[in-house]
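The values are calculated or read from the model by the stated rules, or taken from the named source; none is laboratory data. Note that the coordinates shown come from a computational prediction; the quantities given were computed from them, not determined experimentally. Cβ atoms come from the backbone with ideal geometry, glycine included; neighbour counts cover every protein chain shown. SASA here: full protein model, heavy atoms, side chains in, ligands and nucleic acids out. Shrake-Rupley method; radii C 1.70, N 1.55, O 1.52, S 1.80 Å.
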Amino acid sequence: MEQKYNPYDNMLEVLERAAKMLELPEDDYIALKYPERELKVSIPVEMDDGSIKVFEGYRIQHSSSRGPCKGGIRYHQDVNVDEVKALAAWMSFKCAVVNIPYGGSKGAIKVNPKELSKKELKSLTRRYTAMILPLIGPEKDIPAPDVNTNAEIMGWIMDTYSMFKGYTVPGVVTGKPVEIGGSLGRKEATGRGVMFMTHEILHRLGLPVLGTRVIVQGMGNVGGIAAKLLYESGCKIVAVGDVSGGVYKKEGLDIPKILAYLALDSEKLLVSYEDKGVQNITNEQVLTADADVLIPAALENQINSGVVNKIKAKIIVEGANGPTTVNADKLLEAAGKKVVPDILANAGGVVVSYFEWVQNIQSLMWDEEEVNKALEKIMIRAFNEVWDKSKEMNTSMRMGAYMVALDRIVKAKKIRSVFP
Ligand code: NAD
């Protein structure tokens, strides 16, 4: 097993490796080892029983060299500052690899939102927004949904920010409801991007899409949509998992039926899903099921030294951020497995967030077809650049992606570093 897993150390190790491969002097990238700004807030909330509870929250900006910072907000009981720092840095690299004009940031609140009432969740969100207000704004730092946050929560953030400003500011968040300036196609964008990347890697390896056996870990926004779109494109989704465990069917699962079941209410989990020929399995069995493609779309540290050698899939498309530890990654590489890395594979969300922000600034409304076409174009261009870089340097796609991203960030940093 890994020594104590720290996502920030993980990020630093990958950054260091990519910088060495590019033969960059340390002066060129040393600043990227540290976030530009870290804000920690203590958020008091009046609970339904009248008591006051204080929650820990963060907003961390990693780099603004290429534009305003951009990054989601996560609500999770286990978040810590190093995780948010890593997620913020990954956002800088992600925006650079798909070449959209943003830097990277991330926010989080240490909370299990399932334990709060809707009223408490709303108060928490509004108070958190007020407390991070000096950092955010359409020209400064633009939040979006992440684990356990959604369009409704983004709507509350947008409304709170607008109240303080005294006028409506749609561009302060992305992934908000369409009724208040959200973009068509944003909800599906990350999963759609994962589907494009899965198709691309299959094409590159000369494998068919039709009948390809796929595993998806995580049935939330990213995993659920990726499973649905891959299912619709002819893949056979043999296993899916969530926080409670997973389900398996050799002949392929009925994904629309599973998603309809999970959508019944927020309490529904796969552990209680039953259907003819469907086997209930553990989280480890989800990752190690017999399949061609594995899509981790839950949390970090899922593909670690403990499980990596049991993984049968030859292709891994990282829907989640940081699902693979550095050690496990080396073992995957040694085993000849192809990994489409997170900063490329799950970038569809931030690409359409960028489109949403552009629409907000220009007061335009694109139709969904336009959004999806533009997303596909950017994702495929980025895939090709990463693929070519990894071939040119005889390295993994992860290293290829980091090299493409790092090169862009370092160039921007150099242009902007004239001020003493
Ligand atoms: P979500 O909250 O909608 O869904 C998370 C899913 O993971 C749920 O099905 C949950 O049950 C499952 N899960 C949680 N803990 C688990 C565990 N220990 N084992 C197995 N399954 C577990 O979150 P999301 O928005 O789909 O985000 C998933 C991942 O994708 C995260 O790493 C996130 O940072 C990343 N991501 C999200 C977006 C986005 O647009 N939402 C964009 C890029 C990357």
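The range 332-396 and the range 290-312 have Cα centres separated by 22 Å. Using C-alpha pairs under 8 Å with a sequence gap of at least 6, the mean separation divided by the residue count of the range 225-329 gives a relative contact order of 22 percent.
Charge dipole of the range 175-298 (Cα centre as origin; +1 on each Lys and Arg Cβ, -1 on each Asp and Glu Cβ, all else neutral): 280 debye, rounded to the nearest 20. In loop segments of the range 18-49 as defined by DSSP, the GluC sites (Glu not before Pro) with at most 10 further C-beta atoms inside 10 Å of their C-beta are Glu23. Lys187 contributes an accessible area of around 130 Å² to the protein surface, as traced by a 1.4 Å probe with all chains present.
Measuring with a 1.4 angstrom probe and ignoring ligands and nucleic acids, Lys268 comes out at about 60 Å² accessible. Projecting the Cα atoms of Asn309, Ser353, Gly175 onto the dipole axis of the chain, where Lys and Arg carry +1 and Asp and Glu carry -1 at the beta carbon, places Ser353 farthest toward the positive end. Centre-to-centre, using Cα atoms only, the range 50-102 and the range 226-264 are separated by 29 Å.
Per-residue ellipticity at 222 nm for the chain, helices alone: DSSP H runs ≥ 4 residues times -39500 (n - 2.57), over residue total, nearest 500 deg cm²/dmol?
Helix-only estimate at 222 nm: -14000 deg cm²/dmol.
Accessible surface of Cys69, taken over heavy atoms with a 1.4 Å probe and every protein chain present, rounds to 0 Å². Placing unit charges on the Cβ atoms only, positive for Lys and Arg and negative for Asp and Glu, gives the chain a dipole magnitude near 520 debye about its Cα centre. Applying a threshold of 32 Å to the alpha-carbon distances of Lys40/Lys228; Lys314/Lys373; Lys187/Lys414 flags Lys40/Lys228; Lys187/Lys414 as lying beyond it. Classified by the C-alpha gyration tensor, the range 176-280 has an oblate form. Its axis ratio a/c, with a ≥ b ≥ c, is 1.5 or above, and a/b does not exceed b/c.
In a DSSP loop and with at most 10 other Cβ atoms within 10 Å, the GluC sites (Glu not before Pro) in the range 228-316 are Glu251, Glu267, Glu274.
Build a GNM of the chain with springs between Cα atoms under 10 Å apart, and of Gln217, Gln359, Gln77 the one that fluctuates most is Gln77.
Please report, to two decimal places, log10 I(q)/I(0) for the chain at q = 0.09, 0.10 Å⁻¹ as given by the Debye formula with identical point scatterers on the Cα atoms and no solvent. So the normalised log intensities work out to -0.52, -0.65. Label positions at Lys391 and Leu269, each projected 7 Å from the Cα along the C-beta direction, are separated by 4.5 nm.
Peptides 403-409, 136-142, 172-178, ordered by how many other C-beta atoms sit within 10 Å of their residues on average, highest first, read 172-178, 403-409, 136-142. Rounded to the nearest 20 debye, the dipole size of the range 287-420 about its Cα centre is 700 debye, using +1 on the Cβ of Lys and Arg and -1 on the Cβ of Asp and Glu.
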